[in-house]
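The values are calculated or read from the model by the stated rules, or taken from the named source; none is laboratory data. Since the structure is predicted, the reported quantities are computational estimates derived from the model, not experimental observations. Cβ atoms come from the backbone with ideal geometry, glycine included; neighbour counts cover every protein chain shown.
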Amino acid sequence: MDIDFPLVLVVLTFATGLIWLADKLFLRDRRLAAVKSSGNSQGAVDGDAAVEGEEPKEPYLVDLSRSFFPVLAIVLVLRSFLVEPFQIPSGSMLPTLEVGDFILVNKYAYGLRLPVAGTKILEVGDPQRGDVMVFRYPKDRKTNYIKRVIGLPGDQIRYRNKQLFINGELIESRFIARLPPVELRREDLGSVEHDIYLTLGRPGAAGEGVWTVPEGHYFMMGDNRDNSNDSRFWGMVPDELVVGKAFAIWMHWKSLTSLPSFDRVGGIE
């Protein structure tokens, strides 16, 4: 069963906050009054008065909420509006990102959005061609995908014989190395140069076509061109599904049977 972590985080934050606030505004005074009343009654029998200023013990749920609310609130703000960590689960972005890379995603680069709903509440910037972007998969919005922005609103994209054309212009890529079963090439998207893989001996028919990017949408492709499930197969990404811009690798940990590594720490091209 998939767990919607953003929703769980929002619910827990608001629940603990409401419990803490209700106790501070209403319940604490009632406990103090009850303790004072109990102390006065006991003093009438035993000759002792309640200790002035004595603080009654908080209920367990209130104590738990008071302790966890600030932590949850900070995590919610950081994760929703500033930076969110992700782990790379597949090889669709090779050679840029490897399976097991832990990355950081800038959540405010493309505007501030409400957690869970994804509604943009503040314009900051828009995705640019060449950005490595995290977004929610249009066919299953609970799943996060990561690809490279290739087409912007209004662009015409053509992919044929493993060659990429944007608005009728061939996107140049130069040969770097032959690394069977792939060929490493360097692609120039204008403001961004990045490496791509093309699988040797595989015809280029898969994923071929011509697309026009509608307003408010983006055409996404993986850097591992012959092994990427992207916009060539399921269409464009609407702006409301954008999560943020991937900007750094902070750790590599492929599996629980291996040790974490920091050899790949650095920025993402």
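Filter segment 88-113 for residues that are crowded, with 20+ Cβ neighbours inside 10 Å and charged (D, E, K, R); which is modelled with the lowest pLDDT?
The residue in question is R113.
Taking the stated definitions as given, is V210 among the β-branched types (V, I, T), in the same structural domain as L122 (by TED's automatic domain parsing) and either surrounded by 11 or more Cβ atoms within 10 Å (Cβ to Cβ) or closer than 30 Å to P115 by Cα (or both)? First the steps, then the outcome.
Working: among the β-branched types (V, I, T): yes; in the same structural domain as L122 (by TED's automatic domain parsing): yes; either surrounded by 11 or more Cβ atoms within 10 Å (Cβ to Cβ) or closer than 30 Å to P115 by Cα (or both): no.
For V210, the condition - among the β-branched types (V, I, T), in the same structural domain as L122 (by TED's automatic domain parsing) and either surrounded by 11 or more Cβ atoms within 10 Å (Cβ to Cβ) or closer than 30 Å to P115 by Cα (or both) - is not met.
Here's the yes/no breakdown for (1) at pLDDT below 95; (2) of a type outside the set (S, T, N, Q); (3) closer than 11 Å to I150 by Cβ:
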| position | (1), (2), (3) |
| --- | --- |
| G222 | no, yes, yes |
| N229 | no, no, no |
| P238 | no, yes, no |
| G244 | no, yes, no |
| L256 | yes, yes, no |
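Per-residue answers, yes or no, for (1) surrounded by 19 or more Cβ atoms within 10 Å (Cβ to Cβ); (2) of a type in the set (D, E); (3) at pLDDT 95 or above:
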residue	(1), (2), (3)
V132	yes, no, yes
T143	no, no, no
K147	yes, no, yes
Y159	yes, no, yes
F165	no, no, yes
S173	yes, no, yes
E193	no, yes, yes
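Which strands (runs of 3 or more DSSP E) sit wholly inside segment 120-199 and have at least 3 residues that are closer than 23 Å to I249 by Cα and free of Cβ contacts under 8 Å to residues at least 24 places away in the same chain? Break it down into steps so the answer makes sense when it comes.
On the way: elements: 120-122, 132-136, 144-151, 156-160, 163-166, 173-179, 182-188, 193-199.
Of the strands (runs of 3 or more DSSP E) lying wholly inside segment 120-199, those with at least 3 residues that are closer than 23 Å to I249 by Cα and free of Cβ contacts under 8 Å to residues at least 24 places away in the same chain span 182-188.
So R79 ticks every box in (1) among the charged types (D, E, K, R); (2) modelled with pLDDT under 90; (3) in a loop (DSSP other than H, G, I, E, B) but one. Which box is left unticked?
(3)
When V116 is evaluated against the numbered criteria (1) surrounded by fewer than 16 Cβ atoms within 10 Å (Cβ to Cβ); (2) outside the structural domain of W234 (by TED's automatic domain parsing), which criterion, by number, is the only one it fails?
All conditions pass for V116, except number (2).
Could you go through segment 238-250 and let me know if any residue there is surrounded by 12 or more Cβ atoms within 10 Å (Cβ to Cβ), of a type in the set (D, E) and touching a Ser or Thr at 6+ places or on another chain (Cβ under 7 Å).
No, that holds for no residue.
Out of (1) farther than 17 Å from V132 by Cα; (2) surrounded by 13 or more Cβ atoms within 10 Å (Cβ to Cβ), what's the single condition that is false for L259?
Only one criterion in (1) farther than 17 Å from V132 by Cα; (2) surrounded by 13 or more Cβ atoms within 10 Å (Cβ to Cβ) is unmet by L259, namely (2).
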